[in-house]
Amino acid sequence: MVTKAEDTQLNRLESQVEHGGGGTWEYLCLVRKLKVRRSDKVLKHGLSILNNPKKRSSLGPEEWTLYEQVAVAAMDCQSLGVAKDCINVLQKRFPESKRVGRLEGMLLEAKGSWAEAEKAYSSLLEDNALDQVIHKRRVAVVKAQGNLSAAVDLINKYLEIFMADSDAWRELAEIYVSLQMYKQAAFCYEELILSQPTVPLFHLAYADVLYTLGGLENLQAAKKYYSSTIDLTGGKNTRALFGICLCTSAITQITKGRNKEDKDSPDLQSLATAALEKDYKQRASSKLPLLTSALKSLKVSS
């Protein structure tokens, strides 16, 4: 994740380059280091170096890294001719390179040649079954075609090998949610919380899934994870505050107020509604009546 300081540095350098102040190579290196997508800028400024023999030769071995960076940016921008030219240069320089082979597969993807792209990636995996990038490109191919069930199968097979990949767990969870397979999504978020317990986004997503599943046990667990989201965000997550209110209301309806195990509900409800009202007064005072009406409909009030 890019920090605020890194984002500020990147924007400052980008503005400098855009206004002819120099630092083009430094900017391209920073984009690559931070792994951000500024494809139109990378394409523009990368070509300004590649098309200048003197500047290009001054890069030394980094010249080939720039060709790769520009090729990917060109594909993002649908400048497929530029991408192909860059890949051809790399292929001549590194004729047996699997890394260049990945770029060729990505170009096939960009053209919409799904079957050819899948064939290219399968061939690369035969040579190296542990190539994580290729596994993920195969997932991208089937997702681009709208085949989410195939994507689920591929990600599950990938996670059998790379169980610690949190990005893959998150992607799988999001696909399960889109397919309304909430129990499976819940399992994915449990894995994410176990591996990264201080990330509020995972607590919030897990709480949403549990609330959607419904039932007293799931609602009580959802409320706990909404609460942990609030703790992890310093009480500033509006969605989690609403979640507390929704869970409290749903639990009350199920138990008809006789749930002895949910004695903290009034306190949590009061704190959540007070925080919501304070937030709305500060940021969206015109919408405060809507909030009051919504809380009233849930039979929740401060």
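Contact annotation: residue pairs with Cβ atoms under 7 Å, 6 or more positions apart or on different chains, pairing a residue in region 68-96 that is touching a residue at least 12 places away in the same chain (Cβ under 8 Å) and closer than 20 Å to Arg32 by Cα with a partner that is open to solvent by less than 50 Å² (accessible area, probe 1.4 Å) and of a type in the set (D, E, K, R), are Leu90/Glu68.
Restricting attention to region 137-162, which residues are open to solvent by 60 Å² or more (accessible area, probe 1.4 Å) and either farther than 23 Å from Val72 by Cα or more than 19 Å from the chain's Cα centre (by Cα) (or both)? Hits for region 137-162 are Gln145, Asn147, Ser149, Asp153, Lys157, Glu160, Ile161.
For region 231-246, the set of residues classified as within 22 Å of Ala294 (Cα to Cα), open to solvent by 30 Å² or more (accessible area, probe 1.4 Å) and aliphatic (A, V, I, L, M) consists of Leu246 only. Scanning region 247-266 for any residue that is among the β-branched types (Val, Ile, Thr), within 30 Å of Asp131 (Cα to Cα), open to solvent by 40 Å² or more (accessible area, probe 1.4 Å) and not in a loop (DSSP other than H, G, I, E, B) turns up nothing. The set of residues in region 187-225 that are part of a helix (DSSP H, G or I), of a type in the set (Gly, Ala, Ser) and under 27 Å from Ile254 (Cβ atoms) comprises Ala205, Ala207, Ala221, Ala222.
The values are calculated or read from the model by the stated rules, or taken from the named source; none is laboratory data. Since this is a predicted model, take the numbers as computed values, not measurements. Cβ: placed from backbone, ideal geometry, glycine included. Neighbour counts: every protein chain shown. Surface accessibility is based on the protein's heavy atoms, side chains included, excluding ligands, DNA and RNA. Shrake-Rupley method; radii C 1.70, N 1.55, O 1.52, S 1.80 Å.
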